[in-house]
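The values are calculated or read from the model by the stated rules, or taken from the named source; none is laboratory data. Computed from a predicted structure; not experimentally measured. Cβ sites come from the backbone with ideal geometry, for glycine too, and all protein chains shown count toward neighbours. When the accessible area is computed, the model is the full protein with side chains, heavy atoms only, and any ligands, DNA or RNA have been set aside. Shrake-Rupley method; radii C 1.70, N 1.55, O 1.52, S 1.80 Å.
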Amino acid sequence: METILTIENLNKRYGRIQALKNVSFSIQKGRVYGILGPNGSGKSTTLGIVLNVVNKSSGNYRWFDGNVETHEALKKVGAIIERPNFYPYMTAEQNLKLVCKIKNINYAKVNEKLELVGLSERKDSKFSTFSLGMKQRLAIASALLNDPEILILDEPTNGLDPQGIHQIRDIIKKIASQGTTILLASHLLDEVEKVCSEVVVLRKGEVLYCGSVDGMSSNEGFFEISSNDNEVLKSVLSNLDAVGQIKEEEGKVLVYLKSELSASELNQFLFSKNVVLNHLVKRKNSLEAQFLELTKNTNPKSN
Ligand code: ADP
Ligand code: MG
């Protein structure tokens, strides 16, 4: 398997805000990845760091085999992380030709990519006459002009009407079916479920889950435990590979799993570290249900 991007223990602080905490995951060629998390969970920060527009606080990331400098590697990456911006008085075709000229790309790519995003018939229309959905599609065409290895999109359907959302998702699937690796950030569970095969779930800058989208819905659940000294309990837990996020709520420690771990395995491990539990419940709700739970109070428009 060919690795496109490896992220290891990435941390980011903005002053007192810790936006990312030990974020690790990797991206394999040819798959569609979603970074899923509520607003403020660190999705854009993660993308900004690997695209070299945000400085990391600590940790590492490597593009491809790690032997190319980030600056060189990014030439093989197509990214849309801001609202699309083109010259309003120029047509779709003229705007893309300008991008070709700047990046030294054959003009033949312009029509190929306009076709791909369904804008061939509107290629002679000025950018200023485009709907937001069309602008977004033009941005995708532009990011694909040099046939990148990976396409990165940050909340690609934000602000679009249902038809626009549908078109963008279809285009993303089409691009993926042609073999381009995709990484998209979204706060929408159903978007990730519809478009992606792999998902990294972020919550307050921490990875809650990382794996297949199917695995997310069949996820076994999480533990609710406590001992006489929850601080010791938490520090012992952090040594377990299967353990993702650890939270404390009303005296109970909530242990989210990254991979399978049975109640007896957990109990046995803690006992071997001299931690005796006075409460152990394995809760059955899936990560999907938890995600809905943790996002239901966020306003999707505020991003
Ligand atoms: P998301 O894309 O998932 O909505 P962000 O990566 O934009 O999340 O933000 C993660 C956290 O970092 C949030 O708490 C946000 O307020 C904070 N943050 C993001 N950018 C900045 C910045 N430039 N300065 C200060 N705080 C920031
Ligand atoms: Mg964001």
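Taking the condition surrounded by fewer than 20 Cβ atoms within 10 Å (Cβ to Cβ), part of a loop (DSSP other than H, G, I, E, B) and away from ligand 1 (no atom under 16 Å from the Cβ), does Asn67 pass?
yes
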Q. Scanning region 195-237 for residues that are under 14 Å from the mean Cα position of the chain (by Cα) and without any contact (Cβ under 8 Å) to a residue 60 or more places away in the chain, which turns out farthest from ligand 1 (Cβ to nearest atom)?
A. Ser212
Q: Evaluate region 118-135: report whether one residue or more is in the same structural domain as Thr46 (by TED's automatic domain parsing), hydrophobic (A, V, I, L, M, F, W, C) and surrounded by fewer than 19 Cβ atoms within 10 Å (Cβ to Cβ).
A: yes
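Out of Leu240, Leu261, report the one residue that is in contact with a helix residue (DSSP H, G or I) (Cβ under 7 Å, 6 or more places away or on another chain), more than 16 Å from ligand 1 (Cβ to nearest atom), open to solvent by 10 Å² or more (accessible area, probe 1.4 Å) and not in a strand (DSSP E or B). So that I can check it myself, show each step before the final result.
Numbers: Leu261 fails: in contact with a helix residue (DSSP H, G or I) (Cβ under 7 Å, 6 or more places away or on another chain).
Matching residue, one of Leu240, Leu261: Leu240.
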Q) What is the one condition in (1) open to solvent by less than 10 Å² (accessible area, probe 1.4 Å); (2) under 21 Å from Met1 (Cα atoms); (3) in a helix (DSSP H, G or I); (4) among the hydrophobic types (A, V, I, L, M, F, W, C) that Met216 does not satisfy? A) (2)
Q) In region 97-116, is there at least one residue being at pLDDT below 95 and touching a helix residue (DSSP H, G or I) at 6+ places or on another chain (Cβ under 9 Å)? A) yes
Q: Please find, within region 128-156, the residue that is nearest to ligand 1 (Cβ to nearest atom) out of those that are farther than 27 Å from Lys75 by Cβ and of a type outside the set (A, V, I, L, M, F, W, C).
A: Gly133
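From the list Glu82, Glu8, pick out the single residue that is within 15 Å of ligand 1 (Cβ to nearest atom) and acidic (Asp, Glu). Let's see the steps before the verdict.
On the way: Glu8 fails: within 15 Å of ligand 1 (Cβ to nearest atom).
Just one listed residue meets the conditions, Glu82.
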(Q) Can you say whether Ile81 is of a type outside the set (D, E, K, R) and within 23 Å of Leu184 (Cβ to Cβ), as far as the supplied structure shows? (A) yes
Q. Can you name every residue in region 3-61 that is exposed (fewer than 15 other Cβ atoms within 10 Å of the Cβ), in contact with a helix residue (DSSP H, G or I) (Cβ under 9 Å, 6 or more places away or on another chain) and in a strand (DSSP E or B)?
A. Tyr14
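To keep it simple, each residue is scored yes or no on (1) polar (S, T, N, Q); (2) in contact (Cβ under 8 Å) with a residue 60 or more places away in the chain.
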site	(1), (2)
Lys109	no, no
Glu121	no, no
Gly133	no, no
Gln136	yes, no
Ile150	no, yes
Asp154	no, yes
Q.
I want to confirm something. Restricting to region 81-117 and keeping residues that are of a type in the set (Val, Ile, Thr) and over 26 Å from the mean Cα position of the chain (by Cα), which single residue is most open to solvent (accessible area, probe 1.4 Å)?
A. Ile102
Q | Failed condition for Leu202, given (1) touching a Gly at 6+ places or on another chain (Cβ under 6 Å); (2) modelled with pLDDT under 90 | A | (2)
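What about Glu112, is it within 16 Å of ligand 2 (Cβ to nearest atom) and among the charged types (D, E, K, R)? Show your work before the answer.
Details: within 16 Å of ligand 2 (Cβ to nearest atom): no; among the charged types (D, E, K, R): yes.
Here the answer is no, as Glu112 does not meet what is asked.
From the list Val232, Val253, pick out the single residue that is outside the structural domain of Thr46 (by TED's automatic domain parsing), out of contact with any Gly (no Cβ under 9 Å at 6 or more places or on another chain) and assigned to a helix (DSSP H, G or I).
Working: Val253 fails: assigned to a helix (DSSP H, G or I).
Unique residue meeting the criteria: Val232.
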Q: Output the number of the condition that Asn39 fails; it satisfies all remaining conditions of (1) at pLDDT 95 or above; (2) within 13 Å of ligand 2 (Cβ to nearest atom).
A: (1)
Q.
I'd like to know if region 166-189 contains one or more residues that are within 16 Å of ligand 2 (Cβ to nearest atom), crowded, with 19+ Cβ neighbours inside 10 Å, small (Gly, Ala, Ser) and within 12 Å of Val32 (Cβ to Cβ).
A. yes
